[in-house]
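Readers should treat all values here as calculations from the given coordinates under stated rules, not as data from a laboratory. Please read these numbers as outputs of a predicted model, since none were measured by experiment. Using ideal geometry, Cβ is built from the backbone for each residue, glycine included, and neighbour counts are taken over all protein chains shown.
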Amino acid sequence: MAGSNRRASTLVIGCGALGRELVELVARDGLEHVEVRCLPASLHNRPEGIPAAVEGLVIAAQGRYERVFVAYGDCGTGGGLDRVLAAHGIERLPGAHCYQAYAGLAAFDRMAEEEPGTFYLTDFLVRSFDRLVVAGLGLDRHPELLPQYFAGYRRVVYLSQRDDPALLAAAARAAERLGLSFECRHTGLGELETSIARLAVVAVAEAA
């Protein structure tokens with residue numbers, strides 16, 4: 001939440017995987033009218049639950065905020081999230097997932113075309129690699145399953161949000177553990193930053 005006694009007029013409902021970046025953007029741009037609430041990143045393990053979880057926060061926000069923005073892609077909901085948001089007239093991040101939001105739709109499509117067997121990492125996934133990938137897939141207990149899980153992959157592409165040598169080294173180690181080649185492509189915050197900037201423009205217009 002923005003650090004101010006001023007009542008927030010905009011609610012950003014975000015995926016927990018984007019939480020740190022969302023909070024930093026709001027604080028950096030001084031968006032005192034914006035409040036950020038994030039749902040657990042673990043919902044990606046059962047994406048069918050994302051639409052209902054988001055709608056719960058949307059309904060709770062009614063009458064309390066002038067607008068709501070959802071910082072999710074489709075995220076494996078098969079259009080379920082879009083149906084919920086359309087019913088409430090709410091916008092979300094473009095694209096199917098955060099990789100597209102960070103890289104840009106066209107750039108991500110080019111990467112996917114040049115090598116369909118790509119496993120993508122973001123800053124969040126690098127920080128959470130052992131918990132979400134290694135332990136999440138049971139590879140800490142059954143390393144022999146790794147070739148089965150990643151048989152269709154050829155490379156890891158780390159879409160980095162910040163220039164952090166420690167994260168870069170950790171991403172390279174993750175690729176090595178998976179037995180895949182490694183590339184890093186710095187994206188910054190991409191559409192996430194663009195979307196938050198639009199909220200800032202709205203705030204300026206309302207204050208004028």
Inset, instruction - Taking the Cα centre of the range 105-186 as origin, sum charge times position over the Cβ atoms of Lys and Arg (+1) and Asp and Glu (-1), and report the length of that vector in debye to the nearest 20. - result: 180 debye
Inset, instruction - Go ahead and estimate [θ] at 222 nm for the chain from helices alone: -39,500 (n - 2.57) per DSSP H run with n ≥ 4, summed, over the residue count, rounded to 500. - result: -12500 deg cm²/dmol
Inset, instruction - Quick one: pull the percentage of alpha-carbon pairs in the chain with a separation above 28 Å. - result: 31 percent
Legend entry - Table column - 3J(HN,Hα) (Hz), the range 132-142, Karplus curve with 6.51, -1.76, 1.60, x for Gly and Pro: 8, 9, 5, 6, x, 8, x, 6, 5, 9, 9
Inset, instruction - Any chance you could check the Cα centroid distance between the range 123-137 and the range 9-63 for me, in angstrom? - result: 21 Å
Legend entry - Acute angle (nearest 10 degrees) that the helix 50-61 long axis makes with the longest principal axis of the chain, alpha-carbon atoms: 20 degrees
Inset, instruction - With springs only between Cα atoms under 10 Å apart, run a GNM on the chain and tell me which of G190, G63, G136 wobbles the most. - result: G63
Legend entry - Relative contact order (percent, whole number), the range 105-186, Cα cutoff 8 Å, 6+ residue spacing: 36 percent
Inset, instruction - Would you grab the residues whose amide H sits under 5 Å from the one on V36? Only those 5+ places off in sequence or on another chain, please, with H modelled 1.01 Å from N. - result: A2, V12
Legend entry - Listed residue (A17, I59, L43) projecting farthest to the positive dipole end of the range 1-106, Cβ model: I59
Inset, instruction - Name the most mobile residue of R177, R141, R198, meaning the one with the largest mean-square fluctuation, in a Gaussian network model of the chain with Cα contacts below 10 Å. - result: R141
Inset, instruction - Calculate the translational D of the range 105-186 in whole µm² s⁻¹ from Stokes-Einstein, where the hydrodynamic radius comes from the Kirkwood formula applied to all Cα pairs, the temperature is 25 °C and the viscosity 0.890 mPa s. - result: 188 µm²/s
Legend entry - Using θ = phi - 60° and Karplus 6.51 cos²θ - 1.76 cosθ + 1.60, couplings along the range 35-40 (whole Hz; Gly, Pro as x): 10, 10, 10, 10, 8, x
Legend entry - DSSP bridge pairs, the chain: antiparallel proportion in percent, nearest 5: 0 percent
Legend entry - GluC sites (Glu not before Pro) within the range 1-88, DSSP loop, no more than 15 other Cβ atoms inside 10 Å: E66
Legend entry - Interchain or long-range residues, amide H under 5 Å from F119's placed H: R154, R155, V156, V157
